[in-house]
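Have a look at the structure below, then the notes.
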Amino acid sequence: MQNAGINALGLNWRYLAFEVHPEDLRAAIQGAQRMSFIGLNLTVPHKVLAVEMVDALDASAKLWGAVNTIRFEAKDEHDVWRPLREFSDVPRETRAQGFNTDADAITRAIREDLNLDLFGKKALLLGAGGAGRTAALKLAAEGVVELYLVNRTQAKAAAVAKEIQRKWPALKVKIGYPSQRVDLLLNATSLGLKEGDPLPFEEEKLRISDVNAVYDMIYRPAETRLLKIAKEAGCRTANGLSMLLYQGAKALEIWTGQTPPVQVMRRVLEKNVYG
Ligand code: ATR
């Protein structure tokens, strides 16, 4: 998807994947920086470790406490840090700036795929792991009015609820299932990844027809059991592929300074994931 985006923008760049041991992460980032890479993406388990390893953090990385995108930068003649793409020579002094494009991708996916603006809405979130916590905080930041948290390990949901309550005291956060209709059900658990997995919620506690829209962060399989029953019940549905797409598109925008060709990237991503 990134190489398709890069090509469509007419850039003579390449996006490559490297496997790095967590204990070598600092050396890997410095190596890329010394070789004047334009930037990097990082994935599990590097995102949190990298926060301490970059020279500057964008507001998004500070807010979410994780870095999934790095842009290398050098100083221009006015002593202002600029992206490396703007320099034709190889600058001596460079720095790494960390960004996070994951959280915004969640809400963009919900907005564009489900046509849902979260402000003032009620949401049920399943899962309180890494992805669930970020999603919960992002839903709160977008202005949901009621947030229901369900997780196998209730203590983790309680910790997320506490964090949200501290930051957004006006938001109604509850551990457990809603008693009324909700606008959104968001699955951030790993249930559904494997064939034969149970549904990520208890059917006696929630009727899927009491939900307007369902977003499943899982994208493989394309249609989880959750999405299947939701579709059959008439809910609007979307899978997690768009989250992957939008976090990548935003990263490409950060590196290039240009509007990313999202449709081109989507087509290639879908072809690669679904064949
Ligand atoms: P991620 O970074 O994708 O969020 P994670 O932090 O391991 O990964 O979180 C996985 C989520 O799926 C958690 O909410 C986890 O529940 P626990 O917090 O109780 O572990 C949930 N999950 C994984 N396997 C599950 C299962 N068999 N039943 C119910 N929930 C499960």
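What to note about this one:
- Boolean, A131 is near the ligand (Cβ under 9 Å from one of its atoms) and either at positive phi or in a helix (DSSP H, G or I) (or both): yes
- Extreme residue, most open to solvent (accessible area, probe 1.4 Å), among residues of region 229-270 that are assigned to a loop (DSSP other than H, G, I, E, B) and within 23 Å of G98 (Cα to Cα): T259
- Whichever residue in region 180-211 is in contact (Cβ under 8 Å) with a residue 40 or more places away in the chain, away from the ligand (no atom under 16 Å from the Cβ) and out of contact with any helix residue (DSSP H, G or I) (no Cβ under 6 Å at 6 or more places or on another chain) and, among such residues, is farthest from G132 (Cα to Cα): Q180
- Region 101-119 residues that are in a loop (DSSP other than H, G, I, E, B), paired with ones that are of a type in the set (D, E) (beta carbon under 7 Å, 6 or more apart): L116/D183; L118/E142; F119/E142
Results for (1) under 22 Å from D113 (Cα atoms); (2) assigned to a loop (DSSP other than H, G, I, E, B); (3) within 21 Å of the chain's Cα centre (by Cα); (4) polar (S, T, N, Q), shown as yes or no for each residue.
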| residue | (1), (2), (3), (4) |
| --- | --- |
| E203 | no, yes, no, no |
| S209 | yes, no, no, yes |
| A222 | yes, yes, yes, no |
| L227 | yes, no, yes, no |
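- Taking (1) more than 18 Å from I110 (Cβ to Cβ); (2) not assigned by TED's automatic domain parsing to the domain that holds D197 in turn, R266 satisfies each apart from (1).
- Of the helices (runs of 4 or more DSSP H) lying entirely inside region 1-68, those containing at least 3 residues that are without any contact (Cβ under 8 Å) to a residue 60 or more places away in the chain span 25-34, 46-49, 59-64.
- V273 being open to solvent by 20 Å² or more (accessible area, probe 1.4 Å), out of contact with any strand residue (DSSP E or B) (no Cβ under 9 Å at 6 or more places or on another chain) and under 24 Å from P83 (Cβ atoms): no
- Residue in region 19-28 that is open to solvent by less than 20 Å² (accessible area, probe 1.4 Å) and modelled with pLDDT under 95 present: no
- Considering only residues in region 29-75 that are under 18 Å from A105 (Cβ atoms) and among the β-branched types (V, I, T), the one that is farthest from the ligand (Cβ to nearest atom) turns out to be I70.
- Residue match in region 216-228 (condition: farther than 30 Å from Y15 by Cα and surrounded by fewer than 18 Cβ atoms within 10 Å (Cβ to Cβ)): yes
- Sole residue being surrounded by 14 or more Cβ atoms within 10 Å (Cβ to Cβ) and over 24 Å from V90 (Cα atoms), chosen from V51, V44: V51
- For region 135-191, the strands (runs of 3 or more DSSP E) that sit wholly inside it and include 3 or more residues that are open to solvent by 30 Å² or more (accessible area, probe 1.4 Å) and modelled with pLDDT of 95 or more are 172-175.
- Members of region 72-91 found to be open to solvent by less than 50 Å² (accessible area, probe 1.4 Å) and charged (D, E, K, R), listed by number: E73, D76
The values are calculated or read from the model by the stated rules, or taken from the named source; none is laboratory data. These numbers come from a predicted model, not from an experiment. Counting neighbours? That spans all protein chains shown, and the Cβs are built from the backbone with ideal geometry, glycine included. When the accessible area is computed, the model is the full protein with side chains, heavy atoms only, and any ligands, DNA or RNA have been set aside. Shrake-Rupley method; radii C 1.70, N 1.55, O 1.52, S 1.80 Å.
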